[in-house]
1. Identify all residues within region 97-110 that are at pLDDT 95 or above and of a type in the set (S, T, N, Q); write none if there are none.
2. Considering only residues that are within 11 Å of residue 113 (Cβ to Cβ) and surrounded by fewer than 17 Cβ atoms within 10 Å (Cβ to Cβ), which ones fall in region 76-86?
3. I'd like the full set of residues that are more than 20 Å from the chain's Cα centre (by Cα) and of a type in the set (A, V, I, L, M), limited to region 111-131.
4. Between residues in region 62-80 that are on the phi > 0 side of the Ramachandran plot and residues that are outside any strand (DSSP E or B), which pairs lie under 8 Å by C-beta distance while being six or more apart or on different chains?
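The values are calculated or read from the model by the stated rules, or taken from the named source; none is laboratory data. Because the structure is a prediction, the values reported are computed rather than measured. So basically every Cβ, Gly included, is an ideal-geometry build from the backbone, and we count neighbours across all protein chains shown.
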Amino acid sequence: MVPLVVLTLLVALAALGLSGAQWREARRRRGSDDLDSLPEDLLGLRQEVAALRSETRGALRHLAIVRYDAFGDVGGHLSWSLALADESGAGVVLTSITGRSEVRSYAKSLTRWTCETPLSPEESEAVEGARP
């Protein structure tokens, strides 16, 4: 019985070694095939990718929202500050402050992740949350 177990283990180890060698060979071949199978117009594809990156550079891709209670007598986190910015940090901070009888909204512009108008702590938190 023991020789049969030992023989089975030896066959399993040999099969494992053989399959590992075949896997390495297939991987090596695939690497060279990948280079041969690249499209002929790779330069055109690179130009398209560069154009797409250029077009989306000004998109408002970074955002964060902070919800909070602006007043002690109003609960439910109904007030909020939202920061929206592009890659360079140009964008806007929108704030809505909800009270018992009124709602006020504010918009402040961002340039390079900074604002000329002083930001509230919640607005600053939203800007920092949007920053990559």
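1. Within region 97-110, 105, 109 qualify.
2. First, pick out the residues of region 76-86 that are within 11 Å of residue 113 (Cβ to Cβ): 83, 85-86.
Listed by number, the list holds a single entry, 86.
3. 119
4. From region 62-80, the pairs are 76/69; 77/69.
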